[in-house]
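Here, each number is a calculation from the coordinates, and none is a lab measurement. This is a predicted model, so every value here is computed, not measured. Quick reminder, even Gly has a Cβ in these numbers, built from the backbone with ideal geometry, and neighbours come from all protein chains shown.
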Amino acid sequence: MQRTRRLLLLGIAVPILYFGTLFVAASTWPGYSHQTRYASELGGPEAPKPWVFNSGSVFMGSVCIGSAFGFGRAVVEITGRRVPSVLAGFCIGLFGVSMLMGGLFPMPNPLHGGLGLVFALPLAPIFMALALRGVAGTTRLRTFLWASAAGMIVMLAIMMGVGRLVTRQNVGAWQRVNALSIFPWIGVASWSLRRALARSAPVRPQVEQSRSAGLGARS
């Protein structure tokens, strides 16, 4: 359990590393606009110090991949439900790979997009919420996870052109809003799972408890 809690610390670090890398890299580019420029341009050919953003992306992606193991292990330990727990961790791991590729293959390399693996991330909170159903004390966390999934889906649709809201004049601003839907929930969920694991006895689904009680009564 202690190893799992340490792995979840990596999840807490993910949003800190992303936004830290973003703003440190932007500080090396005089006149850089967060409103009109993509974040990835900080690692592109026009950037004065592209290695800052690219190395930060590689490190953050690696940390995210590590946190995926923590998510999978934690949800299994709390709920006993292996399949949705592993799937949640797997989706976070795929997202980490996409971030890693983004740093290893700076734009305009076609591999910079991480082969579209970023689209796996909205599934992670869905699988996590499904695994946590029926677990006492997780109502707020499950609500947060469902809201996070919905927010990511909406923002990814907008970034892909739905509603034609994104223009070259505001693409950077929309991308930052998209980042707020993508990264912070990973840290919040990691913190919440660490708290659940810190309890003296992991909470098991109430459904399973009631079944066990019923079997005991019949015997």
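Site pair Lys49 and Ala198 shows an inter-label distance of 3.6 nm when each label is modelled 7 Å from Cα along Cα→Cβ.
Seen from Met107, the other residues with C-beta closer than 13 Å to its C-beta sum to a net charge of -1, counting Lys and Arg as +1 and Asp and Glu as -1. Can you tell which of Phe144, Phe19, His112 lies farthest toward the positive end of the dipole of the chain, using +1 and -1 charges on the Cβ of basic and acidic side chains (Lys, Arg; Asp, Glu)? After comparing all options, I get Phe144.
The alpha carbon centroids of the range 83-150 and the range 1-80 are separated by 14 Å. Each helix, a run of at least 4 DSSP H residues, gives -39500 (n - 2.57); summed and divided by the residues of the chain, these come to -23000 deg cm²/dmol at 222 nm.
Apply 1/(1 + (r/R0)^6) to the Cβ-Cβ distance of Ser27 and Val177, taking R0 = 22 Å, and write down the FRET efficiency to the nearest 0.05.
Details: r = 21 Å, r/R0 = 0.95.
In this case the efficiency is close to 0.60.
The angle between the Cα long axis of helix 82-104 and the longest principal axis of the Cα atoms of the chain comes to about 10 degrees, rounded to the nearest 10. About its Cα centre, the chain has a charge dipole of approximately 860 debye under the convention of +1 per Lys or Arg Cβ and -1 per Asp or Glu Cβ, with nothing else charged. With respect to the chain, whose longest principal axis is taken over its alpha-carbon atoms, helix 171-182 is tilted by about 20°.
Give me the angle, in degrees from 0 to 90, between the Cα long axis of helix 206-218 and the longest principal axis of the Cα atoms of the chain, rounded to the nearest 10. Relative to the chain, helix 206-218 is tipped by roughly 10 degrees.
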